[in-house]
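The block underneath contains the structure these notes are about, expressed in structure tokens.
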Amino acid sequence: MNKRTSLICRRAFIAFCSLILIITAQAQENPIKIKVVNSKKEPVPFATITITNRIDTLQSEKKVADSSGSTSFTLTRGIQYIIEVSAVNYLPQEKGITITSGQKDFTFILESSTKTLGGVVVRSSKPLMRQEDDKTIVDPENLAATSTSGYEVIEKTPGLFVDQDGNIYIASTTPATVLINGRELKMSREDMATMLKSLPPNAIQSIEIVRTPSAKYDASGSGGVVNVILKRGVKLGMTGSVTAGLQQGTYGNQLAGFTLNNNDGKKSSYLNLNYSRRNSYEKIVTDRIFSPDTMLSQYAFTQYPSDAYYGAYGITWQVGKKWEITYDANVTFNDFNNRSENTNTIKKVSNNQVLSNSLNRVTNDGSSLMIGTGFESKLKIDSLGSEWTNDTWYGHTINKSNQAYATGYSLPSLPGISGDGDANNFRDYINIKSDLRLKMKKRFTFESGFQVSILNFRNVSDYFNESGGIRSKDPGRTNTFRYNQNINSAYLQGSKTLGKNVIIKFGARLENTNMKGHQVVPDDTTFAIHRTDLFPYVYLSKKVIDIAGFELRAYLVYRRTITRPVYEQLNPFSRYVDQYLSETGNPSLRPQFNNNYEANISVNEMPILAVGINQTKDIFTNVIYQADSSRSQAYRTYDNLGSNKEFYLRGLGAIPPGKKYFFVLGGQYNHNFYQGLYENKPLSFKRGSWTFFTYHSLKLGKLSQATLNGFVRFKGQLQFYELSSFGALNTSINRRLFKEKLTVTVSMNDIFRTLRYDFTINQGSIDASGYRLNDTRRFGINLRYNFGIRKKEENNNMFNIESPEKTN
């Protein structure tokens, strides 16, 4: 980004700030009356009515109607509210209203519920995406019906991009932090992807997208936060589902799952079981210049068969009227046997003369076991929304892999080279946190908390070479490495509503980081990092104007964040890829710091426009360096390269759901400007790219629904790799049978097989190009059978886990 463009962006940002701070009005309180009747216009006595401020959801008030079905509230004029009405033997109802001076009476008509499963047909008007405070909340029901795993649900979520390596991106080119039920599990990218691929898609209640996290969140979320909220139980009774499905591409995937939820009024519980057999491939073709007239051409084909087992259980107890205690546990086991073949050809560029031909075969046979368990408690301090939550979580991971490789030469005729070895790593993670939220006088909310996390990681690798029938220790790959991390943090945060439509939130988070790595084999080396950093946060929200009855609201957000290297990026263990490329970590990596500024606008809770800047220093990224020992040898690692300034612009439009057809359409532009050093030489790299995404849903009568979703990225970027344009288009259609208990879904992913890209990298001594292709075009069929037994005293909504056609 040049100076002129940067100046224009800054001026636009300042003008935007000035626009939303121009005028604030004084709040006007209006008394309103709410009456609840049935379809015969008869009063519904003692109905429960809850009113929540749409912008500040902490402002909530609940009342019970009198014998005539009526009650009254005092609300602020011009503010949007969500009203929820429920009563025994009636279907619940939810409606959004805006208080005006002319309307003081509201009537809600409830429909009678039935006593049998077959009679429950509840239609939805819930939006796919809505803005709540500083996060976007996605209702995944429409997405889950056409997905085989939680991973696929995230892939189909508008505005999220998942690359072929499992990284999830929101707005920037830095991967987002993934939380499960608000917990960061400190898993590697591969382990998190394995867990999400094992997670049943209909076990996800919502997905929270936080582009600029508040001080309550870890400061490590420079790429934003994706929080996957799992369902933890339902209303009175027992419900569940049985799922089976398959997908066929070049190779096939199969899955089977079972979910069960139970609530007896005093405690609620859930059980998720899932098995999946997955198989796919990756093809990478690369041409790399390693001398002025010599090129290495590689054709690599890797197959990834695996069997994954997932189980999760949780139970929540209501202790008295104020305490809620939850126990959760999950286990994931993944058994894999990856196989790859690499054909390597070295030739002269000038005359195409072949100098060398070889074939490299590598197998990685292993397994991973992930176990997690924890307790969470919540104390409801008052009826205004004040609460105190505490959470303790322990996770244990074991990864074991046996790698064997063999290289044969056809030109020139040379003896073959082979080797094998075991790589085992063990990880223990403990996280303890406590959060306090107090609703105070004069519309002020105070938040505070602390967190302690401890991570211990140990890697043991033992490798051997074999040449000419002689077997010997491989000192370059045999490795023992230990890594310990302790992060202690505390935060203070407050929010204040000014007038009737301005909300300001401000806070700061203090984090103390202690990292220590110790390599025992082959050399005794140690590194340590001890530092304490402060991370401020500011959030401002203001109603700008009403347009045709829709509220236009503007937001300003600032946050300082940190990205710390994780253990696989620090581990100096050298992983063999082929005789020309290896992968290794960098124990000297420093953390990178980012300042994010964002301004955005939403209409009726739907985020429609955002502009932002990320300023990052000490940026570290994946790089390829030429080995000192040979021009033909290269290694892939991580390094700090300098600074980056990223500008992004995002837009989103939609037709709300609830009708026959709705869609979401959005686009995003990212421009990155890197400056620093690469191989001790000045680096200057600029790249801009556009991404467009969409989601469409069409009801085909009362029992069927068709969906279409996809994305396209122009001039993409992956670290310093320049990518060609690529994308994917997916479609599905479902049908409900057997009194709407069984849902059959047929789907097609990557219809035109466009999820492949060409790449080039020309930095320092590395000059390479090629293309990458995965097994992404797949035909699938899913079956889901919902069942339930409801208690007569509460028969409002049969299902907690449903496909989109069975919603509120």
For ASN360: the one exception among (1) buried (at least 18 other Cβ atoms within 10 Å of the Cβ); (2) without any contact (Cβ under 8 Å) to a residue 24 or more places away in the chain: (2)
Subset of region 410-425 [under 25 Å from ASP365 (Cβ atoms) and in a strand (DSSP E or B)]: ILE417, SER418, GLY419, ASP420, GLY421, ASP422, ALA423, ASN424, ASN425
Could you tell me whether any residue of region 709-717 is out of contact with any Gly (no Cβ under 6 Å at 6 or more places or on another chain), more than 22 Å from TYR661 (Cα to Cα), surrounded by fewer than 19 Cβ atoms within 10 Å (Cβ to Cβ) and at pLDDT below 90? yes
Looking at region 581-606, which of its residues are touching a Ser or Thr at 6+ places or on another chain (Cβ under 6 Å), assigned to a strand (DSSP E or B) and within 24 Å of ALA219 (Cα to Cα)? GLN592, ASN594, ASN596, GLU598
Kindly evaluate SER732 against the criterion of being surrounded by fewer than 17 Cβ atoms within 10 Å (Cβ to Cβ) and assigned to a strand (DSSP E or B). no
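Okay, residues lined up against (1) small (Gly, Ala, Ser); (2) at pLDDT 95 or above; (3) farther than 26 Å from ALA256 by Cβ:
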{"position": "TYR281", "(1), (2), (3)": "no, yes, no"}
{"position": "GLN298", "(1), (2), (3)": "no, no, yes"}
{"position": "GLY314", "(1), (2), (3)": "yes, no, no"}
{"position": "GLY320", "(1), (2), (3)": "yes, no, yes"}
Selection from region 500-526 of residues hydrophobic (A, V, I, L, M, F, W, C) and either in contact with a helix residue (DSSP H, G or I) (Cβ under 6 Å, 6 or more places away or on another chain) or surrounded by 15 or more Cβ atoms within 10 Å (Cβ to Cβ) (or both) yields VAL502, ILE503, ILE504, PHE506, ALA508, LEU510, MET515
The conditions are (1) open to solvent by less than 10 Å² (accessible area, probe 1.4 Å); (2) out of contact with any helix residue (DSSP H, G or I) (no Cβ under 7 Å at 6 or more places or on another chain); (3) outside any strand (DSSP E or B), and ASN202 fails exactly one of them. Which is it? (2)
Which one of these does ASP767 not meet: (1) in contact (Cβ under 8 Å) with a residue 40 or more places away in the chain; (2) surrounded by 15 or more Cβ atoms within 10 Å (Cβ to Cβ); (3) part of a strand (DSSP E or B)? (2)
Name the pairs: first residue in region 389-414 and under 22 Å from SER340 (Cα atoms) and open to solvent by 40 Å² or more (accessible area, probe 1.4 Å), second residue of a type in the set (Lys, Arg) and not in a loop (DSSP other than H, G, I, E, B), Cβ to Cβ under 8 Å, at least 6 apart or on different chains? ALA406/ARG361
Filtering region 46-86 down to residues that are among the hydrophobic types (A, V, I, L, M, F, W, C) and under 22 Å from MET440 (Cα atoms) yields ILE51, ILE55, LEU58, PHE73, LEU75, ILE79, ILE82
Just wondering, is there one or more residues in region 783-790 that are assigned to a strand (DSSP E or B), modelled with pLDDT of 90 or more and surrounded by fewer than 17 Cβ atoms within 10 Å (Cβ to Cβ)? yes
Within region 677-684, does at least one residue satisfy the condition of being out of contact with any Lys or Arg (no Cβ under 7 Å at 6 or more places or on another chain), buried (at least 18 other Cβ atoms within 10 Å of the Cβ) and not small (Gly, Ala, Ser)? yes
Return the pair list, or none, for Cβ contacts closer than 7 Å from residues in region 715-744 that are over 30 Å from GLY688 (Cα atoms) to residues that are assigned to a loop (DSSP other than H, G, I, E, B) and open to solvent by less than 20 Å² (accessible area, probe 1.4 Å), at least 6 apart or on different chains. SER732/THR146; ASN734/ALA145; ASN734/SER803; ARG736/GLU805; GLU740/LYS806; THR743/ALA145; THR743/SER803
Residues being crowded, with 18+ Cβ neighbours inside 10 Å, under 26 Å from ASN279 (Cβ atoms) and of a type in the set (S, T, N, Q) - total across region 747-764: 2
Search result, residues across region 535-580 that are part of a loop (DSSP other than H, G, I, E, B), closer than 22 Å to ASN456 by Cα and among the aromatic types (Phe, Trp, Tyr): PHE573
Filter pass, LEU369 being more than 21 Å from SER268 (Cα to Cα), open to solvent by 30 Å² or more (accessible area, probe 1.4 Å) and in contact (Cβ under 8 Å) with a residue 60 or more places away in the chain: no
For LEU438, work out the one condition from (1) under 30 Å from GLU568 (Cα atoms); (2) assigned to a strand (DSSP E or B) it doesn't fulfil. (1)
Search result, residues across region 318-349 that are touching an Asp or Glu at 6+ places or on another chain (Cβ under 6 Å), more than 30 Å from LEU379 (Cβ to Cβ) and touching a residue at least 60 places away in the same chain (Cβ under 8 Å): ASN342, VAL349
All positions within region 467-483 that are out of contact with any helix residue (DSSP H, G or I) (no Cβ under 6 Å at 6 or more places or on another chain), crowded, with 17+ Cβ neighbours inside 10 Å and part of a strand (DSSP E or B): ASN479, PHE481, ARG482
In region 484-495, how many are over 28 Å from ASP428 (Cβ atoms) and open to solvent by less than 50 Å² (accessible area, probe 1.4 Å)? 3
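Listed here are the residues, each with its yes/no results for (1) over 22 Å from the mean Cα position of the chain (by Cα); (2) open to solvent by 20 Å² or more (accessible area, probe 1.4 Å); (3) free of Cβ contacts under 8 Å to residues at least 12 places away in the same chain.
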position	(1), (2), (3)
VAL577	yes, yes, no
ASN614	no, no, no
LYS617	yes, yes, no
VAL623	yes, no, no
ARG636	yes, yes, no
ASP639	yes, yes, no
SER643	yes, yes, no
ARG650	no, yes, no
GLN675	yes, yes, no
Hey, can you tell me all the residues within region 230-280 that are touching a residue at least 40 places away in the same chain (Cβ under 8 Å), assigned to a strand (DSSP E or B) and open to solvent by 50 Å² or more (accessible area, probe 1.4 Å)? MET238, VAL242, LEU246, GLN248, LYS267, LEU271
Considering only region 531-571, state which residues are closer than 30 Å to ASN360 by Cβ and touching a strand residue (DSSP E or B) at 6+ places or on another chain (Cβ under 6 Å). TYR567, GLN569, LEU570, ASN571
Select from region 90-103 the residues that are polar (S, T, N, Q) and open to solvent by 60 Å² or more (accessible area, probe 1.4 Å) and write down the one among them that is farthest from ASP546 (Cα to Cα). GLN103
Among the residues of region 331-359, write down those that are under 21 Å from SER418 (Cα atoms) and of a type in the set (S, T, N, Q). ASN337, ASN338, SER340, ASN342, THR343, ASN344, THR345, SER356, ASN357, SER358
Determine if region 124-142 includes at least one residue that is modelled with pLDDT under 75, over 21 Å from TYR555 (Cβ atoms) and charged (D, E, K, R). yes
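The values are calculated or read from the model by the stated rules, or taken from the named source; none is laboratory data. Note that the coordinates shown come from a computational prediction; the quantities given were computed from them, not determined experimentally. Don't worry about glycine lacking a Cβ; one is built from the backbone with ideal geometry, like all the others, and counts go over all protein chains shown. Please note that ligands, DNA and RNA were not included when accessible areas were found on the heavy atoms of the full protein model with its side chains. Shrake-Rupley method; radii C 1.70, N 1.55, O 1.52, S 1.80 Å.
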